[in-house]
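Trainee: Next up is a structure, given as structure tokens.
The values are calculated or read from the model by the stated rules, or taken from the named source; none is laboratory data. In this text, all values refer to a predicted model and were calculated from it rather than measured experimentally. Positions of Cβ are generated from backbone atoms using ideal geometry, with glycine treated the same way; all protein chains shown enter the neighbour counts. Calculation scope for accessible area: heavy atoms of the full protein, side chains included, ligands and nucleic acids excluded. Shrake-Rupley method; radii C 1.70, N 1.55, O 1.52, S 1.80 Å.
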Amino acid sequence: SKCATGTVFMLRIFNQKIIVLNSHAAVMDLLEARSSIYSDRPIVWMYKVLVGRQWAVFNISDHHPRFRVYRKLLQSALNPKAIQDYRSLQTREANVLLRLLYERPAEYVSHLRRNAGAVILEMSYGWTVTGADDKFVKLIEDGFKVQAEIARPGRYYVDIFPWCMFLQVSWIKCSTY
């Protein structure tokens with residue numbers, strides 16, 4: 001295996017181990033051929049444990065029994081046959097997006113967010129987005145912003161020093177740098 005020739009190495013920063021895969025062969029060997037061993041993501045203590053997102057559909061370990069249930073549910077709704085049912089929704093929302101881009105091209109980021117939110121909300125919950133200021137699109141955007149801050153690597157001491165989560169001393173600020 002090419003892994004033995006120096007294309008894989010580990011960095012240790014405090015208690016964090018960072019594995020660097022420095023070649024395509026190493027990536028394929030470890031993440032494809034041995035995915036059942038190496039495919040899990042590291043624990044982000046603040047985001048997964050303290051905020052309680054470890055059971056969310058895209059955060060759960062593939063070794064957990066819920067993983068198979070989640071995968072089966074996603075597969076039933078997102079397989080090639082099932083996605084044909086979403087074609088009219090996608091076409092309608094693509095036309096709305098194109099019209100908005102034509103009318104107000106400078107606001108393209110807002111239009112793209114509205115489009116993504118509209119498709120997701122209707123597919124998932126049957127909610128039809130009717131305007132640019134839809135409350136649920138705004139809620140999704142706000143949620144993503146909060147998630148990005150909480151999950152940002154190195155943001156919280158507890159992600160580097162997991163034992164910080166057990167400290168309850170009021171004069172020690174252990175949450176952020």
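Trainee: Can you report the number of residues in the range 137-155 which are within 15 Å of the chain's Cα centre (by Cα), open to solvent by less than 90 Å² (accessible area, probe 1.4 Å) and within 16 Å of SER124 (Cβ to Cβ)?
Mentor: 3
Trainee: Right, here's the next one. Quick one: SER76 ticks every box in (1) surrounded by 12 or more Cβ atoms within 10 Å (Cβ to Cβ); (2) more than 29 Å from PRO162 (Cα to Cα); (3) among the small types (Gly, Ala, Ser) except a single one, so which number is it?
Mentor: (1)
Trainee: Out of the residues in the range 156-177 that are open to solvent by 80 Å² or more (accessible area, probe 1.4 Å) and in a loop (DSSP other than H, G, I, E, B), state the one that is modelled with the highest pLDDT.
Mentor: Applying the first criterion (open to solvent by 80 Å² or more (accessible area, probe 1.4 Å)) to the range 156-177 yields 163, 166, 168, 170-171, 173, 177.
Right, trim to in a loop (DSSP other than H, G, I, E, B) and you get 168, 170-171, 173, 177.
Numbers: GLN168: 68, SER170: 56, TRP171: 53, LYS173: 57, TYR177: 51.
Once the filter is applied, the top-ranked residue is GLN168.
Trainee: Please work out which one of (1) open to solvent by 100 Å² or more (accessible area, probe 1.4 Å); (2) within 30 Å of TRP45 (Cβ to Cβ) is the condition ALA116 fails and give its number.
Mentor: Evaluating ALA116 over (1) open to solvent by 100 Å² or more (accessible area, probe 1.4 Å); (2) within 30 Å of TRP45 (Cβ to Cβ) leaves (1) as the failure.
Trainee: Kindly list, by first and then second residue, each pair from a residue in the range 28-41 that is on the phi > 0 side of the Ramachandran plot and open to solvent by 80 Å² or more (accessible area, probe 1.4 Å) to a residue that is aliphatic (A, V, I, L, M) and modelled with pLDDT of 80 or more, limited to pairs with Cβ atoms under 6 Å and residues at least 6 apart or on different chains.
Mentor: none
Trainee: Pairs needed: first member in the range 95-121, more than 26 Å from ILE83 (Cα to Cα); second member anywhere, surrounded by 18 or more Cβ atoms within 10 Å (Cβ to Cβ) and modelled with pLDDT under 95; C-beta distance under 8 Å; at least 6 residues apart or different chains.
Mentor: Partner pairs satisfying both residue conditions: ARG104/HIS111.
Trainee: Does GLY126 qualify as being at pLDDT 90 or above and either at positive phi or touching a strand residue (DSSP E or B) at 6+ places or on another chain (Cβ under 7 Å) (or both)? It would help to see each step written out before you state the result.
Mentor: Values: at pLDDT 90 or above: yes; either at positive phi or touching a strand residue (DSSP E or B) at 6+ places or on another chain (Cβ under 7 Å) (or both): yes.
Yes.
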